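Shown next, in structure tokens, is the structure this report addresses.
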Amino acid sequence: MTNQSVWMHLGAGSFHRAHQAWYLHKLREQGDDSWGIALGNIRSDAVPLLQQLAAQQGEYVLETVTPDGVRAYETITSLRKILPWDSDIRALVEQGAQSETRVISFTVTEAGYYLTPEFELDLTQRDIQADITGDIHTIYGALTRILAERVARGGAPVTLLNCDNLRHNGERFRRGFLAFLAAKGDHALAQWVRDNTTSPNTMVDRITPRPTPDVAERVKAATGKNDGAAVMAESFIQWVIEDDFIAGRPALERVGVELAESVLPWEEAKIRILNATHAAIAWAGTLTGLKYIDESTRQPAIYQLAYDYVTQDVMPSLPAGPLDLARYRDVVLARFSNPYIKDTSQRVGADGLSKIPGMVTPTLRECYQRGAEPAATAVVPALFFLFLQRWARDDLPYTYQDGMLQEETLRQQFSRPDALNTFLSDSALFGELAQDKAFHALMRGTVATLQQWLKQPERTLATV
């Protein structure tokens, strides 16, 4: 990567390779080779993928598909360096310490920030406690090690760019990181971070399922390439970033990225209309025996509960802005219905313990604040409760993954007769509503209605 500015990314999953890497690839297609990506991972789970990418010199094929089934194939060339993993993340530390690395971005999922309902760092989490003592389980522990070495080599400024589905993601990551450094007692590094980094808020969007073997088969048929790192995504893509890069940036506006003073209007619409609805459909689909998001969305009852949630409760809660929310709702539901994506309920339904407080509780709260009962929104956490009940009985068709899951504690909770009351009284999920009698009454009624509906899921909720 000689004479290039480096964009180092932490998180080698499919989303980065279908989203951020695609945008930088499009710049290369335009002849702008001034930036390249160095890709690595904090944990060991991506080692086989990193090894495969290294064997392919960082290149891989991205398959995209439209709602009409039109597929396209591109060989992505923006990964200029693959950083091998070891338990001390030495390659990441070395790359991140170099002044040519001007952006460090990351995708670690919503749960990977270990935030409380008040969006403060949860210092009780075991991974956080381990990293405070010097381990590397979290983004905070990894960046501490990387940036400490960067400071030791002169401390050139760098942008820390959050690319996860987290409201105010740059701000909340930054607050969590500074709280982590304070707990660690590293006040000098904390001051350096304040003075020499920025953390712009971003909004990212592209549905990207986990690759299945048939992706590689289609890539082989279409391109002739045996690609062990092929990835697929929907054709739709969007990226909005606050233009606050402290050490320069690629000319992202040339390839369709929206650079804005504030991402708030896009962010709120995305998180509440797309992300929360996506999770609700995943939980509803799982409960009714459906595996894929598209088939669940096309079920009239599930489509209706998603439509009602957005229309009745979310849209009145969002301030007027640049987006046509009704059109955005319809586009989102059409994207979810795409029969060619085959995104799984397992992937989309993960991390519910973070999604409820981050994506759903704000709408519940705002409905009550304007004097409206959030009946349509109550369906979403009610579905999650019933989903967790099945998980506790080992009655899900797949392994539920959640970064906030304390498995033994939650299984004990759901084995008790008062499991619903304990769930509703959890301030980590519902904030001050956890003590609200009206909210409890609404939720108990909603859970009972859903239990009846699940006996005949071909009916709509309105007919139960």
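Assorted remarks:
- Ordering of 68-74, 286-292 by packing [mean C-beta count within 10 Å, highest first]: 286-292, 68-74
- A Cβ-based charge dipole, computed about the Cα centre of the chain with Lys and Arg at +1 and Asp and Glu at -1, lands at about 480 debye.
- Projected onto its three principal axes, the C-alpha set of region 95-145 covers 36, 22, 14 Å, listed from the longest axis down.
- Charge sum, other residues only, whose C-beta stays under 10 Å from P362's C-beta, Lys/Arg counted +1 and Asp/Glu -1: +1
- Under the Karplus curve 6.51 cos²θ - 1.76 cosθ + 1.60, θ = phi - 60°, whole-Hz ³J(HN,Hα) for region 58-63, x wherever Gly or Pro sits: x, 8, 7, 9, 9, 9
- Relative contact order (%) - criterion: Cα under 8 Å, at least six apart; region: region 309-455: 28
- DSSP-defined beta bridges in the chain - what % are antiparallel, rounded to 5: 30
- The structure shown yields Rg and Dmax of the Cα atoms in Å, and of the options (1) 27.1, 93; (2) 22.0, 67; (3) 23.3, 77 that calculated value carries the label (2).
- Over region 215-294, volume per residue of the alpha carbon convex hull, in Å³: 168
- Calculated mean residue ellipticity at 222 nm for the chain: -12500 deg cm²/dmol, from DSSP H runs with n ≥ 4 weighted as -39500 (n - 2.57), summed, divided by the residue count and rounded to 500.
- Whole-Hz couplings from phi, Karplus 6.51/-1.76/1.60, listed for region 135-151; x for Gly and Pro: 6, 9, 10, 10, 4, 5, x, 5, 5, 4, 5, 5, 6, 4, 5, 4, 4
- Summed residue charge, Cβ within 12 Å of Q238's Cβ, Lys/Arg positive, Asp/Glu negative: -1
- When the trypsin sites (Lys or Arg not before Pro) in region 384-464 are filtered for DSSP coil states and for at most 16 other beta-carbon atoms within 10 Å of their beta-carbon, the remaining sites are R393, K455, R459.
- Ranked packing of 217-225, 190-198, most packed first, by mean Cβ within 10 Å: 190-198, 217-225
- The listed peptides 340-346, 123-129, 180-186, ordered by packing as a protection proxy, come out as 340-346, 180-186, 123-129 (highest mean of other Cβ atoms within 10 Å first).
- Compactness of region 134-235, taken as the C-alpha radius of gyration over 2.2 N^0.38 Å, stands at 1.48.
- Each residue of region 330-453 gets 130 Å³ once the volume of the Cα convex hull is shared out per residue.
- Close amide H pairs (under 5 Å, H built 1.01 Å from N) link M232 with E63, residues at least 5 positions away or on another chain.
Here, each number is a calculation from the coordinates, and none is a lab measurement. None of the values given here were measured: they were computed from a predicted structure. Reconstructed Cβ throughout: ideal geometry from the backbone, glycine too, with neighbour counts over all protein chains shown.
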